[in-house]
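Let me begin by presenting the structure, written as structure tokens, before commenting on it.
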Amino acid sequence: NQELFAQKIYKAQWPFLKDHSINGTPYVPGVMGIESFVEAAKVLGQNVKGFQDVHFSLPIKLLRMRDQEVMIKAKNEQGLVSFVLESDFIGSRGIKMGSTRRHFDAKALTHYESNWQNVKDNIDFDNLIKSASNYRFKQEEIYQGMFHGPSFKVLDGIIQADGDQVLAVYQKPQAPLFADGDKNLLSNPLLIEAAFQTCGYRDILVENKMTLPDYIGT
């Protein structure tokens with residue numbers, strides 16, 4: 001058994017955190033937590049193919065626009081790696097207050113068979129391309145009801161949305177995630193974010209409420 005620890009500091013001035021704020025308070029996106037897990041796995045020498053049992057239990061808030069230090073714990077048990085992202089609340093006198101907060105956790109998959117090919121074979125791409133030129137909801141409409149800023153506006157438009165199905169088109173944001181340019185991110189977090197936002201917009205339309213993701217099976 002092996003347990004490793006890594007510290008990470010989320011900087012309040014990073015553009016993607018400013019662009020992922022609610023009422024002026026930045027929230028660390030769950031997809032960037034997944035990215036931290038992949039980076040930790042690389043340090044462990046693990047070739048991660050995916051994750052299962054991903055929980056976003058408690059948001060990481062940068063209160064008063066203060067940088068937030070977190071701890072990433074990676075535990076290797078006979079080749080299976082689990083990850084936990086935690087933080088402590090440190091008061092103005094530098095003293096820890098309360099118990100350690102558990103934010104995100106996940107289990108790494110070193111083998112995974114994608115079913116994308118089966119999905120792709122049942123999609124009429126020609127029809128989708130035609131539909132994409134006539135969005136039901138355009139980008140400006142989508143983000144009127146969502147809190148995401150320029151670097152996290154990953155949806156170009158939504159083709160269709162109802163209680164059972166929602167289909168959107170991804171677009172790479174024009175604004176950078178970091179002030180000093182693009183980073184070599186390992187998990188394609190913006191693609192995952194597009195899936196989250198697509199489902200979130202469905203909830204706004206159908207349930208009339210805004211939601212954040214809390215769980216991914218695999």
Considering residues of the range 163-199 that are part of a helix (DSSP H, G or I) and among the small types (Gly, Ala, Ser) only, the residue surrounded by the most Cβ atoms within 10 Å (Cβ to Cβ): 194
Single condition residue 202 does not satisfy, out of (1) surrounded by 17 or more Cβ atoms within 10 Å (Cβ to Cβ); (2) touching a Lys or Arg at 6+ places or on another chain (Cβ under 7 Å): (2)
Residue tally, condition more than 23 Å from residue 191 (Cα to Cα) and either buried (at least 16 other Cβ atoms within 10 Å of the Cβ) or touching a Gly at 6+ places or on another chain (Cβ under 6 Å) (or both), over the range 50-70: 3
Unmet criterion (only one of (1) in contact (Cβ under 8 Å) with a residue 40 or more places away in the chain; (2) outside any strand (DSSP E or B)) for residue 94: (1)
Segments classed as helices (runs of 4 or more DSSP H), wholly inside the range 106-153, with at least 2 members that are at pLDDT below 85: 116-121, 125-132
Every residue from the range 138-153 that is open to solvent by less than 30 Å² (accessible area, probe 1.4 Å), hydrophobic (A, V, I, L, M, F, W, C) and closer than 17 Å to residue 203 by Cβ: 142, 146
Members of the range 22-49 found to be modelled with pLDDT of 90 or more, over 15 Å from residue 85 (Cβ atoms) and open to solvent by 20 Å² or more (accessible area, probe 1.4 Å), listed by number: 22, 23, 24, 25
Condition met for residue 90 (over 30 Å from residue 114 (Cα atoms) and among the β-branched types (Val, Ile, Thr)): yes
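The values are calculated or read from the model by the stated rules, or taken from the named source; none is laboratory data. Just so you know, these numbers come straight off a predicted model, no measurement behind them. Neighbour counts are summed over all protein chains in view; Cβ atoms, including those assigned to glycine, are modelled from backbone coordinates with ideal geometry. Note: areas computed on protein heavy atoms with side chains; ligands, DNA, RNA excluded. Shrake-Rupley method; radii C 1.70, N 1.55, O 1.52, S 1.80 Å.
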